[in-house]
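The values are calculated or read from the model by the stated rules, or taken from the named source; none is laboratory data. The structure presented is a predicted model; accordingly, all values stated were derived computationally and were not measured. Cβ: placed from backbone, ideal geometry, glycine included. Neighbour counts: every protein chain shown. We work out accessible area using only protein heavy atoms, side chains counted, and drop any ligands, DNA or RNA first. Shrake-Rupley method; radii C 1.70, N 1.55, O 1.52, S 1.80 Å.
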Amino acid sequence: MAESIAFTRSASRERIYAEILPQIEALIAGETDLIANLANVAAVLKEALGFFWVGFYLVKEGQLVLGPFQGPLACTRIAFDSGVCGHAYTTRETVIVPNVDKFPGHIACSSASKSEIVVPLFDASGKVFAVLDADSDRLNNFSNSDAAGLKAIAAILENAMGPAGQ
Ligand code: SME
């Protein structure tokens, strides 16, 4: 397994996503454990994109429970009808929130978080099994390029969950 990732620090996010995608694919191809893979993906995203907070909430016991992440301490449990994460879970859509203070029901794990993107992850039967959440300490810091890049990463994780995965 590679011990580090390579990317162009000064490049656009779009280019960085393109550079890290094949490396994430290679990382995951060598490992079948979901938590291990989510942990490494959170680490890669933190290092390459510099997000304030990035990680996963897993569908467990009828709610979203904190999974692997990088960044400050976070809320451990989120109800399906709460917050941006709950909204992504119930609508099954990627949600971009340019200003979290203007999103009704946003859960402020950290007051430094200003904008957010949440991408749902689907299992082989089409159920959402997790959400990928990235937070920024700047307003309006997520675009359609982030949605496309993070969805492509989500797809790699979803494929690893197939019959050959866990
Ligand atoms: N802000 C999220 C909660 C998770 S944290 O940002 C890590 C939400 O409203 O769902």
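Using only DSSP helix segments of four residues or longer, with each worth -39500 (n - 2.57), what per-residue ellipticity at 222 nm results for the chain after dividing by its residue count and rounding to 500?
Details: 4 runs with 59 residues, N = 166.
Calculated mean residue ellipticity at 222 nm is -11500 deg cm²/dmol.
Can you compute the modelled spin-label distance between Asp101 and Ala124, with each label point 7 Å from Cα toward Cβ, in nm?
Here the answer is 4.7 nm between the modelled labels.
With all protein chains present and a 1.4 Å probe, how do Cys85, Cys109 order by accessible area, largest first?
So the residues, ranked largest to smallest area, are Cys109, Cys85.
Hey, can you find the accessible area per residue of the chain for me, probe 1.4 Å, expressed in square angstrom? Before the final figure, lay out each step's value.
Working: 8110 Å² over 166 residues.
For the chain, the solvent-accessible area averages 49 Å² per residue.
Testing the spin-label approximation: label points 7 Å from Cα along Cα→Cβ at Glu25 and Lys60. State their distance in nm.
Between Glu25 and Lys60, the simple spin-label model gives 3.1 nm.
With each pseudo-label sitting 7 Å past Cα toward Cβ, what's the Glu93-Asn140 distance in nm, one decimal?
2.1
Ignoring ligands, DNA and RNA, please state the percent of accessible area on the chain from carbon and sulfur, probe 1.4 Å. Walk me through the numbers on the way to the answer.
Numbers: 4210 of 8110 Å².
That fraction is 52 percent.
Can you sort Glu116, Glu14, Glu158, Glu3 by 1.4 Å-probe accessible area, starting with the largest?
Numbers: Glu116 10, Glu14 120, Glu158 45, Glu3 185 Å².
Most to least solvent-accessible, the answer reads Glu3, Glu14, Glu158, Glu116.
With a 1.4 Å probe and all protein chains in place, put Asp101, Asp135 in order of accessible area, largest first. Before the final figure, lay out the partial values.
On the way: Asp101 130, Asp135 20 Å².
The ordering from most to least exposed comes out as Asp101, Asp135.
Take the chain, drop everything but the C-alpha atoms, weight them equally and run the Debye formula without solvent; then report log10 I(q)/I(0) at 0.12, 0.14 Å⁻¹ to two decimals.
For the chain at q = 0.12, 0.14 Å⁻¹, log10 I(q)/I(0) is -0.48, -0.66.
Among the listed pairs Lys60/Lys102; Lys102/Lys127; Lys114/Lys151, give every one whose C-alpha distance is greater than 25 Å.
Working: Lys60/Lys102 28 Å; Lys102/Lys127 29 Å; Lys114/Lys151 21 Å.
Listed pairs above 25 Å: Lys60/Lys102; Lys102/Lys127.
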